[in-house]
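In what follows, a structure is listed as structure tokens, so that the remarks can point back to it.
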Amino acid sequence: MFAFSSFFRGASPESGRGSGKVVEAYTEWDPLEEVVVGTVKGAIVPPWDSITEATMPSHAEWFFKKYGEQPFPQEMIESATQELDNLAAVLEKLGVKVRRPEPIDFSVEYQTPWWKSRGLYAAMPRDVLMVVGDTIIEAPMAWRTRYFEVFAYRKLIKEYFDQGARWLAAPKSTMGGEFYDPLYDSDHPYVDGVKRFPITEAEVAFDAADFVRFGKDILVQKSHVTNSSGIEWVRRHLGHEYRVHEVEFDDPHPMHIDTTIVPLAPGKIIANPVWVKKLPEMFSSWDVLTPPPPAKPFDSALYFSSDWLSLNMLSVDEKRVIVEEQEKPLIDALVKWGFEPIPIPFRNFYPFGGSVHCATLDVRRRGSLKSYFS
Ligand code: ABU
């Protein structure tokens, strides 16, 4: 599927584990050495519950009401699987070690003292897991349908733990009644000028994809799935070596920061032109790149996400970045800005709610802990 052979320079001579750590990453751009690529095998459509209703675009409601708790259509699974397998092959050709999760049976209904659910998938390791330094952190999540998702990665995590990685699991919320705000209205997310969220502060909640790493500085946004308690939990556990900055942008329905702020290299960041009206002062000396609009308009009733999946890219290093092949305006812009885009087909994965960044988790990037802001 992939034909851009000029990008396959192979692993550089200095590749190999400098520090000897099996899990280690500080930024989104250091040279990638090991990555988890998700899978859509066994994916189950989430039920239409309070959090799905608050989060999904209203035009997708019919789909969840009709297919909720059933397997995703087979043809969607097959075409997305081909694209994920191709992504894995491209990464391997680039010299990156690729690991895959072991899907659990997502069709099994499970029950807690408060509710029942089932689902979802192991397609988006980025949402569930975060690597900061030599620690792998399990996010507690905020959707009932994702309660047990992390178990698809547990064998891998245990293997990393056995090889010396540090492992933190955030406290799981009960996701009971007090966790969701019954007054939240997705059509009116601002009340008196203040953004509201469907989850409360009753428990600790975050998705890993609401965090973005810049060495010692980590940005995070409050979102439909990340609350202040979740941010504070991460801040306290990372300790004094890291500075966790809470940022707020103009996305009325924020969920995952990786189409809002996309760091590509030290001093270079893509900022979503619709949601980022003002960047934090810390970026005043950075090149802020303004991307073109996504190549194609909203074209699926099934999206769990915005049009801006175009920006959901994976950096292989400070130059090379894996991007969806139909995002031609973005690919041209990346070339103009001095990057080397690696286009791959990934459009059939979009309806599952993400693109290349969401579908991956960088387990190891060759680098060290630095400050990129003066
Ligand atoms: N999980 C990426 C979704 C972000 C977006 O909807 O733009």
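The values are calculated or read from the model by the stated rules, or taken from the named source; none is laboratory data. Predicted, not measured: the structure shown is a model, and the values here were computed from it. Neighbour counts run over all protein chains shown; Cβ positions are idealised from the backbone, glycine included.
Yes/no matrix, rows are residues, columns are (1) surrounded by fewer than 18 Cβ atoms within 10 Å (Cβ to Cβ); (2) within 16 Å of the ligand (Cβ to nearest atom); (3) at pLDDT 95 or above; (4) within 13 Å of residue 262 (Cβ to Cβ):
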residue	(1), (2), (3), (4)
299	yes, yes, no, no
306	no, yes, no, no
311	no, yes, yes, yes
314	no, yes, yes, yes
321	no, no, yes, yes
331	no, no, yes, no
338	yes, no, yes, no
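Yes or no: the range 71-82 includes at least one residue that is under 21 Å from the mean Cα position of the chain (by Cα) and without any contact (Cβ under 8 Å) to a residue 40 or more places away in the chain. Write out each step before concluding.
Looking only at the range 71-82, we keep the residues that are under 21 Å from the mean Cα position of the chain (by Cα), and these are 72, 76-77, 79-82.
If we keep only those that are without any contact (Cβ under 8 Å) to a residue 40 or more places away in the chain as well, we get 77.
Yes, because at least one residue in the range 71-82 is under 21 Å from the mean Cα position of the chain (by Cα) and without any contact (Cβ under 8 Å) to a residue 40 or more places away in the chain.
Only residues in the range 187-206 that are free of Cβ contacts under 8 Å to residues at least 12 places away in the same chain count as the first member; pair them with residues that are surrounded by 10 or more Cβ atoms within 10 Å (Cβ to Cβ) and among the basic types (Lys, Arg), Cβ under 9 angstrom, at least 6 apart or cross-chain, and list the lot.
Listed pairs, sorted by first residue: 188/196.
Restricting attention to the range 131-144, report how many residues are away from the ligand (no atom under 15 Å from the Cβ) and touching a residue at least 40 places away in the same chain (Cβ under 8 Å).
Residues meeting the conditions: 9.
Does residue 278 satisfy being modelled with pLDDT under 95, of a type in the set (Lys, Arg) and either away from the ligand (no atom under 13 Å from the Cβ) or surrounded by fewer than 21 Cβ atoms within 10 Å (Cβ to Cβ) (or both)?
Yes: the conditions hold for residue 278.
Are there strands (runs of 3 or more DSSP E) fully within the range 116-217 with at least 3 residues that are in contact with a Pro (Cβ under 9 Å, 6 or more places away or on another chain)? List them.
Filter on the range 116-217 gives 211-214.
Answer yes or no: is there a residue in the range 295-303 that is within 18 Å of residue 124 (Cα to Cα) and in contact with a Pro (Cβ under 9 Å, 6 or more places away or on another chain). Can you show your working first?
Start the filter on the range 295-303 by keeping residues that are within 18 Å of residue 124 (Cα to Cα), which leaves 302-303.
Subset that is in contact with a Pro (Cβ under 9 Å, 6 or more places away or on another chain): 302-303.
Scanning the range 295-303, I find at least one residue that is within 18 Å of residue 124 (Cα to Cα) and in contact with a Pro (Cβ under 9 Å, 6 or more places away or on another chain), so the answer is yes.
Name the single residue, out of those in the range 95-130 being among the hydroxyl-bearing types (Ser, Thr, Tyr) and crowded, with 18+ Cβ neighbours inside 10 Å, that is farthest from the ligand (Cβ to nearest atom).
Going through the range 95-130, the residues among the hydroxyl-bearing types (Ser, Thr, Tyr) turn out to be 107, 110, 112, 117, 121.
With crowded, with 18+ Cβ neighbours inside 10 Å added as a condition, the list becomes 117, 121.
Details: 117: 20, 121: 13 Å.
It comes out as 117.
Please go through the range 222-260 and give me each residue that is over 19 Å from residue 136 (Cβ atoms), away from the ligand (no atom under 11 Å from the Cβ) and in contact with an Asp or Glu (Cβ under 9 Å, 6 or more places away or on another chain), ordered by number.
Of everything in the range 222-260, those that are over 19 Å from residue 136 (Cβ atoms), away from the ligand (no atom under 11 Å from the Cβ) and in contact with an Asp or Glu (Cβ under 9 Å, 6 or more places away or on another chain) turn out to be 222, 227, 228, 229, 243, 245.
Take the residues of the range 218-237 that are in a helix (DSSP H, G or I) and not β-branched (Val, Ile, Thr): which is surrounded by the fewest Cβ atoms within 10 Å (Cβ to Cβ)? So that I can check it myself, show each step before the final result.
Let us first name the residues in the range 218-237 that are in a helix (DSSP H, G or I), namely 228-237.
Filter once more, so that each one left must be not β-branched (Val, Ile, Thr): 228-230, 232-233, 235-237.
Working: 228: 14, 229: 18, 230: 29, 232: 15, 233: 19, 235: 16, 236: 9, 237: 14.
Among residues in the range 218-237 that are in a helix (DSSP H, G or I) and not β-branched (Val, Ile, Thr), the one surrounded by the fewest Cβ atoms within 10 Å (Cβ to Cβ) is 236.
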